[in-house]
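The values are calculated or read from the model by the stated rules, or taken from the named source; none is laboratory data. Treat the numbers as computed from the prediction; the structure is a model and nothing was measured. Every residue, glycine as well, gets a Cβ built from its backbone with ideal geometry; the counts of neighbours run over all protein chains shown.
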Amino acid sequence: MARELKSVRVDGDLLAELEGLARGRQVPVTFADQVDAGLRLLVRQAKQQQARRSAELVGADSDRAHEAYRRLKR
């Protein structure tokens, strides 16, 4: 992934919803913090999916599969 500054267009309805949630302190207040939190959620979701897939492949529970994946990755 390239590390360069980019601008993005965000749906107006989504921005309005985020603003309401931020006022209610349900999401981070600043857009930068919201993006950071969203990206962290994506990473966590991808890792969980990876562990589930590994578990399916080796017929093991998620913790054992995640460890097996880490060992294979080295």
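Values as computed for the structure displayed
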| item | result |
| --- | --- |
| Every pair of residues 6+ apart whose Cβ atoms lie under 7 Å, when the first sits in region 58-72 and is without any contact (Cβ under 8 Å) to a residue 24 or more places away in the chain while the second is of a type in the set (V, I, T) | A65/V58; A68/V58 |
| Matching entry among L14, L41, L18, L57 (being at pLDDT below 90 and either out of contact with any strand residue (DSSP E or B) (no Cβ under 6 Å at 6 or more places or on another chain) or surrounded by 10 or more Cβ atoms within 10 Å (Cβ to Cβ) (or both)) | L57 |
| Residue that is farthest from R9 (Cα to Cα) [pool: residues in region 39-74 that are in contact with a helix residue (DSSP H, G or I) (Cβ under 8 Å, 6 or more places away or on another chain) and in a loop (DSSP other than H, G, I, E, B)] | A60 |
| Among residues of region 6-48, those that are touching a Leu at 6+ places or on another chain (Cβ under 7 Å) and hydrophobic (A, V, I, L, M, F, W, C), counted | 1 |
| Tally, over region 60-74, of residues that are within 30 Å of V27 (Cβ to Cβ) and either at pLDDT 80 or above or within 17 Å of the chain's Cα centre (by Cα) (or both) | 1 |
| Residue tally, condition surrounded by 12 or more Cβ atoms within 10 Å (Cβ to Cβ) and part of a loop (DSSP other than H, G, I, E, B), over region 21-38 | 3 |
